[in-house]
Amino acid sequence: MTRTNGFGQSIGEPVDGWTPRERPARIVIDGAHCRIEPLDVARHAADLYDAYGQAADGRDWTYLFAEPFRDRESFDRYLVQAAASTDPLHYAVIDRANDKAVGTFALMRIEPVHGVIEVGSVTFSPSLKKTRLSTEAQYLLMRYVFDDLKYRRYEWKCDSLNAPSRKTAQRLGFEFEGIFRQAIVYKGRNRDTAWYAIIDQDWPRIRQAFERWLADDNFDSQRQQRASLVQLRGT
């Protein structure tokens with residue numbers, strides 16, 4: 001039943017006891033297969049430059065604001081700027097098997113007053129993409145936002161033409177909310193932005209599916225999944 005105020009106008013449900021949330025911190029988050037660390041140029045630059053260099057071409061940068069880097073010097077300049085930023089707040093994904101950084105992502109558009117935050121700038125190397133590590137990394141950051149920081153809404157946005165990103169968002173449990181037309185101009189071209197989100201009431205079901213998917217018994221002797229994340233989530 002829709003609530004109304006004294007003027008007979010429809011209004012939203014109350015959020016009892018709400019207080020602004022803390023901002024995300026530069027913390028280390030440990031998982032079984034990967035570790036998330038605050039981005040650090042001295043610690044991570046060489047690993048990341050090598051990891052991104054494994055790509056056959058520059059297609060991974062098409063929908064990012066940065067371009068592929070010509071050399072280590074230009075890459076380091078980019079990382080210095082990224083590491084100093086507080087919004088976006090960048091993290092490196094570390095493969096625990098070899099203690100190497102294999103990708104980065106960020107928490108951004110941080111709104112503690114409303115409990116809204118976005119995951120973005122997802123820059124995963126070929127050795128991280130479509131792996132158990134990449135799924136665990138996304139789960140660890142999501143868990144930090146919902147369970148530790150107690151945010152209400154976790155967003156994913158991308159170029160509406162970026163089919164792999166849109167597919168990943170849906171696989172991870174984000175719900176499609178629409179297209180913002182002509183939202184951004186970048187690299188001299190238009191971007192219509194696809195919006196996805198997970199809200200706190202969705203999180204328990206999504207968290208359970210992640211934990212079941214990541215469990216050892218969900219993988220056979222060839223390290224192939226027995227059940228997909230979508231199947232385990234029931235959507």
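The values are calculated or read from the model by the stated rules, or taken from the named source; none is laboratory data. Please read these numbers as outputs of a predicted model, since none were measured by experiment. In this analysis, Cβ positions are derived from the backbone assuming ideal geometry, glycine residues included, and neighbour counts consider all displayed protein chains.
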* Structure fact -> Filtering the stretch 65-111 for residues that are over 30 Å from Arg152 (Cα atoms) and of a type in the set (Val, Ile, Thr) leaves a count of 1
* Counting only residues that are closer than 14 Å to Pro126 by Cα and not β-branched (Val, Ile, Thr), which one in the stretch 69-105 is farthest from the chain's Cα centre (by Cα)? -> Lys100
* Just to be sure, is Pro38 touching a residue at least 40 places away in the same chain (Cβ under 8 Å) and surrounded by fewer than 11 Cβ atoms within 10 Å (Cβ to Cβ)? -> no
* Odd one out for Tyr52 among (1) loosely packed, with under 12 Cβ neighbours inside 10 Å; (2) touching a residue at least 24 places away in the same chain (Cβ under 8 Å) -> (1)
* To do: Working only within the stretch 167-189, note down all residues that are more than 15 Å from Leu64 (Cβ to Cβ), of a type outside the set (A, V, I, L, M, F, W, C) and surrounded by 14 or more Cβ atoms within 10 Å (Cβ to Cβ).
  => Gln170, Arg171, Gly173, Glu175
* **Criterion (of a type outside the set (Lys, Arg), closer than 30 Å to Asp216 by Cβ, at pLDDT 95 or above and crowded, with 19+ Cβ neighbours inside 10 Å) met by exactly one of Ala45, Ala92** => Ala92
